[in-house]
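Enquirer: The structure follows.
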Protein chains: 2
Amino acid sequence: MPDSLDLPGLTALIARSRPHYRTATEFVEAAMREAILAGTLPAGSPLRQEELAAAFGVSRMPVREALRQLEARALVEFHPHRGAVVAEISAEDSADIGAIRAALEPAALRLSLPRLTPEDFALAAELIAEMDAESDPGRMGELNRRFHMTLYARAGRPRLLALVEQHLAAADRYLRFQFAALGYHPRSQDEHHALLAACRAGDADAACEAVTRHVLQAGDLLAAFLRDRA
Amino acid sequence: MPDSLDLPGLTALIARSRPHYRTATEFVEAAMREAILAGTLPAGSPLRQEELAAAFGVSRMPVREALRQLEARALVEFHPHRGAVVAEISAEDSADIGAIRAALEPAALRLSLPRLTPEDFALAAELIAEMDAESDPGRMGELNRRFHMTLYARAGRPRLLALVEQHLAAADRYLRFQFAALGYHPRSQDEHHALLAACRAGDADAACEAVTRHVLQAGDLLAAFLRDRA
DNA sequence: TGCGTGGATATTGGATCCAATCTAACGATC
DNA sequence: GATCGTTAGATTGGATCCAATATCCACGCA
């Protein structure tokens, strides 16, 4: 894990998205969350308040508030008088996240499935195809997330979906490492195809079973990877 | 909803628990979360930073950081330049929370059930009995939460349990109103007894079904109450 | 040479200060 | 009498300042 953070990676986001936010705190929080989830700020990175403030062009205060929000989301950890770091995920945590996803995602899918449209299916298929062509691990995570969320989107339960996305993203933060360690994962793509097919057929039970298996599979891969690394 | 907040209710907590925390921010966040979940700070209460700071005996800064953390947990809402208020729950939200609980709690129970001990069952039974005797709606919520969490506690999944507790608490914030509006709810207690019996019998399927029904039932009650109030 | 102590430095946690903006009251005008 | 504009007050958002604590390196001593 790098000692200093990828500020160039941030500055792009910054200039682009700053005007959309009304308060600096909001803006910093959103940008940092994106950066953490996308892997721009890898797990373990120390987060120097002064440094971040300079990068964002604000004072330390909005940074501190943003860090506190991210702490509440379990994305960063505070060590009193020693600063904040991007939260590491342990093998234990990954099992936890797997269990949460295995509970939430089938529920979201079951609510969403009856309302999915042909356009949704087409989009999902396209995202699978894009994943086939994608080689950048950072982009893979985003495509994977969008594929899953496309299938759940019609659930009409914003809080549930936010929770699903949050845990999907938490798992995906490590996808890039799996990607690097294991190479391309055709098995995962097979599961995506199977899942989409079940959805198209309108078979809720089969679809839920497919997504459950897929999630548990991903959790096992992640846990195995984390054990290896340790 | 009251215009000013119940500071006396807070000051008790404050003197008692302050020494346990290393930083003021941690302390303020924990105390305010407790106060919100217990209903001491009812939904809709405006949260004046200056006022809270004085009540906690700190400056506005730890209060601001604590409020940001609570915002990330969806317990308070910020309106730029207009301050924070304790988050209201809508009928829509309550359906959302019901769906989340219905997904998470059976999963937690299924993991926990095989490891529950006779002591756990005894504690759960005692909590049900205490609920029978309890007349204070504020305490009811806490007993209800502890009853549920006792059954899930052996799941060995800290993040999952934290998520369950968070949503259980979110639903319980309104229990006091249901309590007042509907009087005592024997039906809920019947469900508690049925749930505990299924757990004691080690019947995971029956227990999960019981908890699912109980959760959905609570969600319906809450949604109905919220609609009535509007 | 290795270990423990002590001070310099860096960085955070918390307090205070200033500017931006929202609210509300008051008065003028139709 | 009602409505709109203006202005004073209150409150937040953000910047700066100070104190507390942890880290790190040098130095002394066994």
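Values in this text are rule-based calculations from the coordinates and carry no lab data. Because the structure is predicted, anything quoted here is derived from the model rather than measured. Every residue, glycine as well, gets a Cβ built from its backbone with ideal geometry; the counts of neighbours run over all protein chains shown.
Enquirer: By count of other Cβ within 10 Å, fewest leading, how are B:208, A:199 ordered?
Expert: In increasing order of surrounding Cβ atoms, one gets B:208, A:199.
Enquirer: Kirkwood Rh over Cα pairs of chain B into Stokes-Einstein at 25 °C, 0.890 mPa s: D in µm²/s?
Expert: Approximately 132 µm²/s, per Stokes-Einstein.
Enquirer: Quick one: B:93, A:120, A:136, A:203, fewest Cβ neighbours within 10 Å first, how do they rank?
Expert: By the 10 Å Cβ count, ascending: A:136, A:203, A:120, B:93.
Enquirer: Still on this structure: List every residue whose amide H lies under 5 Å from the amide H of residue B:87, counting only residues 5 or more places away in sequence or on a different chain, with H placed 1.01 Å from N in the peptide plane.
Expert: Excluding prolines and chain starts, which carry no amide H, the hits are B:44, B:76, B:77.
Enquirer: Helix-only mean residue ellipticity at 222 nm, the protein assembly as shown, DSSP H runs n ≥ 4 weighted -39,500 (n - 2.57), per residue, nearest 500. What is it?
Expert: -23500 deg cm²/dmol
Enquirer: Could I ask something else about it? Which ³J(HN,Hα) values in Hz, rounded to whole numbers, follow from the phi angles of segment B:20-31 under the Karplus curve 6.51 cos²θ - 1.76 cosθ + 1.60, where θ = phi - 60° and Gly and Pro get x?
Expert: Result, rounded to whole Hz: 6, 9, 7, 10, 5, 4, 3, 4, 4, 4, 4, 5.
Enquirer: On C-alpha positions alone, give me the angle between the axis of helix A:186-200 and the longest principal axis of chain A, in degrees, nearest 10.
Expert: Once rounded, the angle reads 60 degrees.
Enquirer: Can you tell me the 0 to 90 degree angle between the C-alpha axis of helix B:7-17 and the longest principal axis of chain B, rounded to 10?
Expert: 80
Enquirer: For the Cα atoms of chain B, what angle does the longest principal axis make with the long axis of helix B:204-229, in degrees from 0 to 90, nearest 10?
Expert: So the inclination is approximately 40 degrees.
Enquirer: Considering Cα pairs under 8 angstrom that are at least six residues apart, work out the relative contact order of chain A and quote it in whole percent.
Expert: 21
Enquirer: Exposure proxy check: B:86, A:28 ranked by fewest other beta carbons within 10 Å?
Expert: With the sparsest Cβ surroundings first, the list reads B:86, A:28.
Enquirer: 5 Å is the cut-off here: which amide hydrogens, built 1.01 Å from N in the peptide plane, fall below it relative to residue A:41, excluding neighbours closer than 5 in sequence?
Expert: It is A:36, by chain and number.
Enquirer: On each of the three principal axes of the Cα atoms of the protein assembly as shown, give max minus min coordinate, whole Å, ordered largest first.
Expert: Sorted from largest, the Cα extents of the protein assembly as shown read 63, 53, 44 Å.
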